[in-house]
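The values are calculated or read from the model by the stated rules, or taken from the named source; none is laboratory data. If you're wondering where the values come from, they're calculated on a predicted model, not measured in any experiment. Positions of Cβ are backbone-derived with ideal geometry, glycine not excepted, and every protein chain shown enters the neighbour counts.
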C-alpha cells in the first residue's frame, strides 16, 4: 500500500497531539510541588523527575515503534497472553476510569474553583463541574480520527498561550531566588531519587504504552501505512512533544522553588499554583489558571478516553468503541466525585506496582532485537520484578492497609532482605538478576542449537 511522505507540519501536529494527551492534571501540579519540596536543590530533583516524566514516555513510544506493536497488549504478549491481558486491563483501568481520568476533572476544580465555594457547596459544585467536563470529553472522543482536530489544532495552542502568560510574568518578575530557598529533609541528600519517584505521579510512562494505538491510528489517517514509516514518524513526533514537556516541567519546578520566598510549603501543587497566579495577576490570575488547568486536563481526558476505548475494543471487539467510551466517561464522572485526595491516595500503590513492570517492559522491548524478542528473557525479568513491585505497592498503600500486623511484618522483611527497599527501588536488583538469567538461558539455547546444527 502506498505511503505518503509527511511534512514537518504533520510532525508538529502529531507532536502537539501527543503533548496534549500527555500533559494533564499531574503534569501541572506535581512539578510545582516538587519545586517547593526541593527548594535550592530544584535542578537536581528536576533531573530525576525528567527521567520518569519525559525520558520514559519517549522510550515507551520508541518501544512500540521498535516492536511494531499497535498497543499495550502486543507489547507485553511475549511474557504470555494471560499476563499481557492482565497488564493491559490494569494499565487501562489506572489511566482510565479508576485514577488518571477522574483526576483530570478534580485537579482543575481543586485549583480553580474549590477555594471560591463553601465547604457545603463544594460537593455540588464538583458534581456540576465534572458532569460538564466529562460530557465534553465524551463528545470530543467519540471518533478517534478526530483527535488531531480536537487536541492538536484547537485545545493545545490555547493552553500554551495561557501557560506562556504565567511564565512570562514569572521570569520577568520572579518571586525570589530559587537557589536560596529552604530544602526539606528528604531532599537534602536524595533530591535526584525523590524527583525520580515523583515522576511516577505523572503516569506518562504508562500513558505512552496506551497511547501507542492512538498514535498509529492517527499516522495511518494521514496516509502512512508501511510499518517502518509509521515507526519512524511516531519516534520523531514523540521527541518533539517530550522536549516541549521537559522545558515546561523545569519551568514549573523552578516556579515552585521561587514561591517559597513568599509562601509556606503547601500540601499540593494546586494550592501553590493558585497562590502564585494570584500573586502575579490577582483574581484575573486565578481565572487564567482555572481556564489553563481545565484546558490541559480536558486534552488529556480526551486522549485517555480514546486510548482506553480503542485498546479494550481491540481486545474485546464484541463491545463497541462507543460503549467502552461511555463506560470510561461515565465511571470517571462517578469516581471524580469522591475527591482529589482520595484518588491520589489510592492511585499511589497502583503506580508503585505498575511502574517497575512498565519500565522493564519498555527496556526489554527496545532491546528485543538483540535477543530476537525471546520469551524467556521477558518472563524471567518480569517474574522477578513482580514480587518486589507488589511489596512497594503495599508500602505506599493507605493506612487502612498498612496498619495490619502481617503487612508490617512483610515490609520489615522486605527492608532487611532486598537492596534499595527503603528507597522504593527494591525491584531493581531482582529485575537485573532476572534479565541476566533470561539472557544466559537464551545464549545457552542459541549455542546448543548452533552446536546441534554443526554436528548434523
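For residue 273, are the conditions met, namely being within 21 Å of the chain's Cα centre (by Cα), under 23 Å from residue 91 (Cα atoms) and assigned to a helix (DSSP H, G or I)? No; evaluated as a whole, the condition is false for this residue.
Go through the range 316-335 and give me each residue that's out of contact with any helix residue (DSSP H, G or I) (no Cβ under 6 Å at 6 or more places or on another chain) and in a helix (DSSP H, G or I).
Selection gives 322, 323, 326, 327, 330, 334.
Does residue 264 satisfy being free of Cβ contacts under 8 Å to residues at least 60 places away in the same chain, surrounded by fewer than 22 Cβ atoms within 10 Å (Cβ to Cβ), over 30 Å from residue 14 (Cα atoms) and touching a helix residue (DSSP H, G or I) at 6+ places or on another chain (Cβ under 7 Å)? So residue 264 fails the test. Look at the range 361-376: where a residue is over 10 Å from residue 60 (Cβ atoms) and a partner is at pLDDT 90 or above and surrounded by fewer than 18 Cβ atoms within 10 Å (Cβ to Cβ), sitting 6+ places away or on another chain with Cβ atoms under 6 Å, you get 376/441. No other residue among 230, 253, 219, 248 is over 30 Å from residue 88 (Cβ atoms) and part of a helix (DSSP H, G or I) apart from 253.
Evaluate the range 442-449: report whether one residue or more is buried (at least 18 other Cβ atoms within 10 Å of the Cβ), free of Cβ contacts under 8 Å to residues at least 40 places away in the same chain and assigned to a helix (DSSP H, G or I).
No, because not a single residue in the range 442-449 is buried (at least 18 other Cβ atoms within 10 Å of the Cβ), free of Cβ contacts under 8 Å to residues at least 40 places away in the same chain and assigned to a helix (DSSP H, G or I).
Looking at 383, 303, 339, 330 in this structure, which one is buried (at least 19 other Cβ atoms within 10 Å of the Cβ) and either modelled with pLDDT of 95 or more or closer than 29 Å to residue 108 by Cα (or both)? Exactly one residue qualifies, and that residue is 303. Is it the case that some residue within the range 400-410 is modelled with pLDDT of 95 or more and touching a helix residue (DSSP H, G or I) at 6+ places or on another chain (Cβ under 7 Å)? Within the range 400-410 (the criterion being modelled with pLDDT of 95 or more and touching a helix residue (DSSP H, G or I) at 6+ places or on another chain (Cβ under 7 Å)), the answer is no, since none of the residues qualifies. Within the range 422-436, being assigned to a helix (DSSP H, G or I) and under 23 Å from the mean Cα position of the chain (by Cα) holds for 423, 428, 431.
Is it the case that residue 323 is surrounded by fewer than 16 Cβ atoms within 10 Å (Cβ to Cβ) and more than 30 Å from residue 165 (Cα to Cα)? In short, yes.
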